[in-house]
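The structure appears right after this line, and notes come after that.
Just so it is clear, none of the values below were taken in a lab; they were calculated from the coordinates. Keep in mind it's a predicted model, so treat the numbers as computed, not measured. As a convention, Cβ positions derive from the backbone with ideal geometry for all residues, glycine included, and neighbour counts pool all protein chains shown.
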Amino acid sequence: MSEQNNPTENSLGRLVLSSSPHQNSNDDVKKIMRGVVLALLPAVVFSVYYFGLRSMLVIMTAIAACLVTEFLLKKLRNKKINEGSAVVTGLLLAMTLPPSIHLGYVVLGSVFAIGIGKEIFGGLGNNIFNPALLGRAFLQASFPVKMTTWTPTKLMVLDAKTFATPLGGFKFGENIIHNFSDYWNGLIMGNIGGCIGETSAAAIALGGFYLIVKRWSDWRIPVSYLLSVFVLGGIFWLINPAQYPDPVFHLFSGGLMLGAFFMATDMVTSPETKLGSWIFGIGCGFFLVLIRLFGGLPEGVMYSILLMNAITPLINRFTQPTVFGEVVK
């Protein structure tokens, strides 16, 4: 902060009040985007460990397709790529895809994520939905079978044709999580099939904590998201433990950790007020449990966040604090 921007007394003893901003920061969009990529590296490493180089091929394809799409669309509008958000979009999109998915679908999802999810709104800062999740939703609606064809990790001895994810097992009455070892090795450490980003909830949480410590994401959103899932899921489990999974299972299964720490906390599509962040996270948790337990799909992270993205403008509108000195009529 420079002296010129500080409300200090001048040589005549008078108070000088300058216009905003009064606080300066070394953080910019490029730096934050690099930080997000760094935070995702532990999860990327675990995905390569469990699924092999195939997962890295999906990741690199998504990033390359997003970069090319953004470059072409920016070129048409005579604008430059200057923030690096396409890399984050491609990486996050890849983390929501099965490692065995055909690369052509990866390219289609990436083009949709950048073109429809971001650039059609005017670029970064103007989009109302998380671009990576919108790309994933497009693929889910267009190619549901391909998007739900899972393969086990390299350390699992299972038939790929009959393999089910933990959430899919519970949805269709086949519990594949039985004891502490299954929770630790499967859900927490990641030795379980699913999307690339569903491996190792611990690695994803580690990256999420890094973003919170750097203050690049609002801690209120993942805390309220995870806490609401735990509480609401726990209520149903207490009512009927034979039918509904326990709250710990809810926390560490599927893409909840990835969604809570990296998708829901998107600066552009999440609320800008503290109260709004709490409402946003609780709403995500409510929709997630509702879809998981009563919907037709075993997972609901994507839809829960997109639904709350849609009402974020309303949340911002009704949670704005009273302006200092304003009198209510």
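Over the alpha-carbon set of the stretch 29-318, divide Rg by the Kirkwood Rh and report the Rg/Rh ratio to two decimals. So for the stretch 29-318, dividing Rg by the Kirkwood Rh gives 0.95.
When +1 charges are put on Lys and Arg Cβ atoms and -1 charges on Asp and Glu Cβ atoms, the dipole computed for the stretch 29-318 relative to its Cα centre reaches about 980 debye. In order along the stretch 62-76, the phi-based Karplus estimate (6.51 cos²θ - 1.76 cosθ + 1.60, θ = phi - 60°) of 3J(HN,Hα) comes to 5, 5, 4, 5, 5, 5, 5, 4, 5, 4, 5, 5, 5, 5, 5 Hz; Gly and Pro are listed as x. Across the stretch 29-318, the mean sequence separation of Cα contacts (distance under 8 Å, 6 or more residues apart), normalised by length, yields a relative contact order of 19 percent.
Using Cβ counts within 10 Å as a stand-in for footprinting exposure, how do F287, F261 rank, fewest first?
Going from least to most buried by this count: F287, F261.
Simple rule: put +1 on each Lys or Arg Cβ and -1 on each Asp or Glu Cβ in the stretch 29-318, find the dipole, and look at L133, I81, S228; the Cα lying farthest toward the positive end is I81.
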